[in-house]
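Submitted below is the structure of interest, expressed as structure tokens.
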Amino acid sequence: MRYLPLTPEDRTEMLSRVGVRHIDDLFADVPAATLRAPDLPPGKSELEVERTLAQMAARNMAAGSVPFFIGCGAYRHHIPASVDHLIQRSEFLTSYTPYQPEIAQGTLQTLFEFQTQVAMLTGMEVANASMYDGSTAAAEAVLMAHRITKRRKAVLAGNLHPHYRATIATVSAMAGDEVVALQPHPAGAGQHFEIDAETSCVVVQFPDFYGHLTDLRPIAEQARAAVALGLLVPPGECGADIVVAEGQSLGNPLGFGGPYVGLFASRQKFVRQMPGRLAGATMDAAGRRGFVLTLSAREQHIRREKATSNICTSAGLCALAFSIHLSLLGEAGLTRLARLNHAHAVELADKLAAVPGVAVRNGHFFNEFTIRVPGSAAAVIEALARKGVLGGVPVSRLEPRRPELADLIVVAATETTTAADISAYAAALREVLR
Amino acid sequence: MNRQTRPAEFGGSIPADTFTGNRALDIEEALVFEIGRPEVTGVDIETPADFSPRLGLLERKPGIGLPGLSEPEALRHYVRLSRKNYGIDTGMFPLGSCTMKHNPRLNEKMARLPGFADIHPLQPLSTVPGALALLAELGHWLRELTGAAAVALSPKAGAHGELCGLMAIKAALAARGEARSIVLVPESAHGTNPASAALLGYRVEAVPARSDGTVDAAEVEKHLSAEVAAIMLTNPNTCGLFERDVVAIAEAVHRAGAFFYADGANFNAIAGKSRPGDLGIDAMHLNLHKTFSTPHGGGGPGSGPVVFSAALAPFAPVPYLVCDAGGLRYVEHAGEAEPGAEPFGRLTAFHGQMGMFVRAMSYMLAHGGDGMRQASEDAVLNANYVRAGLQDLMSLPFGERACMHEVLFDDRWLEGCGITTLDFAKAMIDEGYHPMTVYFPLVVHGAMLIEPTESESKASLDLFIATLRDLAMAAKRGEKARFVNAPRHAPRGRLDETRAARRPVLRWTNPPPQLNEQ
């Protein structure tokens, strides 16, 4: 086996040095009746593995091979070649959580940079070194709000991503906390939140699941917490106390849903209630600046059952990809990129609105919006896929129990969307709806 | 002017032995905020034709100050930083309970195939049959290796898997009309175990180990009651020992109507040798980033699928795959579940860590069943070889018995030397090694937990043993300077963690934060 350096002679010699005759002597504590070989095929050469997996991969319709308009929490963006090269540097790829900081300054400094970038982007004071993804970060944000307020009820906006809602609801139900999920309102009007003495937080998505841009400031005045997502007015400026986001859009491929990177930012005064790792600056014995993991008295490996979260492994390498991509873009590049995304989405909205039977539901949006089609949106999306167009997400995929949403499709455009893609979509949709 | 050779540091001083502070290949690197500028970009982006924006009044004002780097500046920044890291490819990384084994590059290549990397989690399922086939194949291998009835693939890491397993247990108890309040956790467990149980509102009760480092079934029995929901047991445990009472513990737990959760962090010792399902476990997470060689990436991403016994299988979370006569069916909502199934909910927005699934599958296909078995045997042999090479100089807390894939020493052998476990670990850095896990598990004093993994050759182990023997003898001779001043040859000397925690500087600001102030 090519990954195993020991030769049969090595093994014999080592067993003798250890003082046993047979390898199973070292497994003496394992009940003998359970020592049996699994019913699995023998190993394969590199070439054979490649052949097997490539055949599986080839059966999938890759986003880059067709006109592609799917979003809903995961977006197809162009990732500069240098990002993927850099995250495959051995020293980044094959290192561990930086528990020995003297030989992990690379990881620690990049995490410190990541935390700063996330804080700047969200308009918040402090950010952690990443969570698993946006949805789990949202669930952790709710738990954090409960700890801060010592209340146990979360109110979820109706236009929160349905799977984020389910993720939060699952953790809350299991932890014995209350969740009030408001009704979806795909037309995007403002929503009133009933906030009482038990309410710890209001969770709002920005832009929302249907692509609407709702001013969060009135909500923040009404409550004192929000969860948002986006590259527009920073949620920090809208009065949010905790901001989480899915960071996949920068540096990370679609990858069928993971691994992604959860962004988690808050106010300095709440830092000791934050989950996850934090890198901080300090000095070494010679007085040089260096970085370490810090405030670990919040974390499970120190505090065990009293920790702020059970999280250990986070999304280190995905956070690095995010950070490298953002360093390459800079503020100038990011602004241009966002503008191009918006421009393509505007063009797409106009072209789709011109298809008979199709109505665009959003007045304001960023790179994603909702359309209404006659009949079943799921059937339309399937018919489009058969024509080689991935035309968005039928809301029924995520909200199967709400027939009133069954004619809605959430559609996204990014910088990767071309004019030809848009024309192909409009033409295919016209045919499907005829 | 090359801005990248100017160590523009906030706080701290620059060593005087060179003008730049650099030492040949070891080059000081400033923060991206000190070398980048907001107007610079390393990505060329086309300007769209004139259009009227539809952002309403919510357009961001410029001036947040995010710095940009041109492409060559970015490459240099991150390559220089990478060189300040120790990775598995750098040298031996014997971090106990972390399984720093070789990460095959074939796995990376496979994960990047567009058919896996460039597919959206919400594409019509009809357009991703290959992805579902991969989930099915991975699930089959994991179930076969563990002897389990079902698998939940979506948990994002080990601790997320613990949560998944405990939630299924809670749901199963609720289905019986029971709300039990206690989870038993041995003292040697990873911190995530008690933290996961506490997150779900359980009271954590510690089970002490007996003098040989393992849990006594009779002791477990004493703690069991109608209030106990589950025991969480790591097997092999974090002392590197197989819990030899495991079957008796499982029987006692089941007699009490409780469930048996196994922490699979150390599954790499027995993968392909023994199936946890045959030992009586009800749920176990598998760290794909440990046993199945997906890279640790400086702290993630991981992946923590959970296998379930038949008793817990009906409560597995969505989404999951059903393979029956009709072929593959993917259940994404509780309402779509087959009769008798009661999914407890959803753990994450999408399907789990697909990128890690592909890597793990690539690893398993390469090994096959026989290769997995050989890898486990080699991991155990290597750990015992290290034990045999060091046990006369360093102290074993539980006597000279065989260990599994990792060997645990305590610090009794350092008594009177004026050198701590931490000093010893830092001296290993100067010798070109990543230290072992230190001060964990908490059940022994000054723990040093060494896990060489199957990826080390005999020659590599011989040099490692010789190095640790040399250090151990130096410690016993009282050569303190070699230890208390270590590391002397790393990119940084010992870092002041107390300062970092007392006055947290968690981000760069303009003007820069001051590190010097007391």
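The values are calculated or read from the model by the stated rules, or taken from the named source; none is laboratory data. The model shown is predicted, which means the values in this text are computed figures rather than measured ones. Heads up, the Cβs are rebuilt from the backbone with ideal geometry, glycines too, and the neighbour counts pull from every protein chain shown. These accessible areas exclude ligands, DNA and RNA; they are computed on the full protein's heavy atoms, side chains included. Shrake-Rupley method; radii C 1.70, N 1.55, O 1.52, S 1.80 Å.
Pick out, in residue order, every one of the trypsin sites (Lys or Arg not before Pro) in the range B:124-203 that is DSSP loop and has at most 11 other C-beta atoms within 10 Å; say none if there are none.
For trypsin sites (Lys or Arg not before Pro) across the range B:124-203 that sit outside H, G, I, E and B with at most 11 neighbouring Cβ atoms in 10 Å, the list reads B:ARG176.
Moving to a separate point now. What is the mean number of Cβ atoms from other protein chains located within 10 Å of the Cβ atom of each residue in peptide B:89-99, rounded to a whole number?
Partner-chain Cβ atoms within 10 Å, mean over residues of B:89-99: 2.
Can you list the HN-Hα couplings for the range B:179-188, worked out from phi with the Karplus curve (6.51, -1.76, 1.60; θ = phi - 60°), rounded to whole Hz and with x for Gly and Pro?
10, 7, 10, 10, 10, 8, 9, x, 5, 7
Give me the percent of the accessible area of chain A that comes from carbon and sulfur atoms, probe 1.4 Å, all protein chains in place.
Ligands and nucleic acids excluded, carbon and sulfur reach 53 percent.
Ordering A:ILE242, A:ILE195 from largest to smallest accessible area (1.4 angstrom probe), what's the sequence?
These residues rank, largest area first, as A:ILE195, A:ILE242.
Given the options A:ALA189, A:ALA240, A:ALA265, state which has the largest fluctuation in a GNM of chain A using a 10 Å cut-off (strictly under) for Cα springs.
A:ALA189
Keeping all protein chains in position, work out how much accessible area A:TYR99 exposes to a 1.4 Å probe, and write it in Å² to the nearest 10.
Number for this one is 90 Å².
How far apart, in nanometres, would the label points at B:GLU187 and B:GLU479 be if each is projected 7 angstrom from Cα along the Cα-to-Cβ direction?
So the label points at B:GLU187 and B:GLU479 sit 3.6 nm apart.
Ok, one more. Of B:LYS426/B:LYS476; A:LYS150/A:LYS306; A:LYS269/B:LYS156; B:LYS156/B:LYS290, which ones are farther than 19 Å apart at the Cα?
A:LYS269/B:LYS156
At a Förster radius of 25 Å, what calculated FRET efficiency corresponds to the Cβ-Cβ distance of A:ALA354 and B:ALA49, to the nearest 0.05?
That gives a FRET efficiency of 0.90.
Another question about this same structure. With label points built 7 Å along Cα→Cβ from the Cα atoms of A:ARG51 and B:ARG503, find their separation and express it in nm.
The answer from the label model is 6.5 nm.
Pop out the ³J(HN,Hα) list for the range A:42-57 in order, Karplus 6.51 cos²θ - 1.76 cosθ + 1.60 with θ = phi - 60°, rounded to Hz; leave Gly and Pro as x.
Using θ = phi - 60°, the values come out as x, x, 10, 5, 4, 4, 5, 4, 4, 5, 4, 6, 5, 5, 5, 4 Hz.
Run the simple label-point estimate for A:ASP215 and A:ARG402 please: 7 Å along Cα→C-beta, distance reported in nm.
Using points 7 Å along Cα→Cβ, the separation is 2.5 nm.
Ignoring everything except DSSP H segments at least 4 long, calculate the 222 nm mean residue ellipticity for chain A; use -39,500 (n - 2.57) per segment, divide by total residues, nearest 500.
So the calculated ellipticity at 222 nm is -11500 deg cm²/dmol.
Another question about this same structure. For the interface of chains A and B, what total accessible area is buried with a 1.4 Å probe, rounded to the nearest 100 Å²?
Looking at A and B, the buried total is near 17400 Å².
Quickly estimate the mean residue ellipticity at 222 nm for chain B, helices only: each DSSP H run with n ≥ 4 gives -39500 (n - 2.57), and the total goes over all residues, rounded to 500.
-10000 deg cm²/dmol
I've got another one for you. Between B:SER211 and B:LEU25, what is 0.36 nm times their sequence separation minus the Cα-Cα distance? Round to one decimal in nm.
Residue separation times 0.36 nm, minus the Cα-Cα distance, leaves 62.0 nm.
What residues have an amide H closer than 5 Å to that of B:THR453, excluding those fewer than 5 places away on the same chain, when H is modeled at 1.01 Å from N in the peptide plane?
Long-range HN contacts for B:THR453: none found.
Per-residue mean of other chain beta-carbon atoms within 10 angstrom of the beta-carbon, peptide B:332-341?
2
Explain nothing, just compute: Karplus ³J(HN,Hα) = 6.51 cos²θ - 1.76 cosθ + 1.60, θ = phi - 60°, for every residue of the range B:333-339 in order, whole Hz, x for Gly and Pro.
Running phi through 6.51 cos²θ - 1.76 cosθ + 1.60 with θ = phi - 60° gives 9, 3, x, 9, 5, 6, x Hz.
Suppose a student asked you for the relative contact order of the range A:82-323, using Cα pairs under 8 Å spaced at least 6 residues apart; what percent would you report?
28
How much of A:THR214 can a 1.4 Å solvent probe reach, expressed as accessible area in Å² and rounded to 10?
40
Let me ask you something else. Give, ordered by residue number, each residue of the range A:376-406 whose 1.4 Å probe accessible area is reduced by a minimum of 40 Å² on adding the remaining protein chains to the chain alone.
A:GLU382, A:ARG397
Express in Å², to the nearest 10, the accessible area of B:GLU400 obtained by rolling a 1.4 Å probe over the protein heavy atoms while all chains stay in place.
130
How many Å² of accessible area per residue for the protein assembly as shown, probe 1.4 Å?
32
In addition: Can you pull the mean other chain C-beta count within 10 Å for peptide A:338-350?
3
From the Cα gyration tensor of the range B:370-499, with a ≥ b ≥ c the square roots of its eigenvalues, which class applies: rounded if a/c is under 1.5, or else prolate if a/b is larger than b/c, or else oblate?
prolate
Extension gain B:SER457-B:LYS61, at 0.36 nm per residue separation less the Cα-Cα distance, in nm?
Fully extending the segment from B:SER457 to B:LYS61 adds 136.8 nm.
Can you give the relative contact order of chain A as a percent, counting alpha carbon pairs under 8 Å and 6+ residues apart?
Relative contact order for chain A comes out at 20 percent.
Using Cα centres only, tell me the gap between the range B:436-505 and the range B:20-36 in whole Å.
Value for the Cα centre distance between the two parts: 27 Å.
Could you list the GluC sites (Glu not before Pro) in the range A:98-176 that lie in coil according to DSSP, counting only those with at most 15 other Cβ atoms within 10 Å of their Cβ?
Passing sites in the range A:98-176 do not exist.
Can you give me the span-like helices of chain B, meaning DSSP H runs with 18 Å or more of Cα extent along the axis and Kyte-Doolittle mean at or above 0.0?
B:129-146, B:158-175, B:354-390, B:458-477
Share of antiparallel DSSP beta bridges in chain B, in percent to the nearest 5?
Once the DSSP bridges in chain B are tallied, antiparallel ones form about 55 percent.
Quick check on the protein assembly as shown: of the DSSP beta bridges with both residues there, what percent are antiparallel, nearest 5%?
Of all bridge pairs located within the protein assembly as shown, approximately 65 percent are antiparallel.
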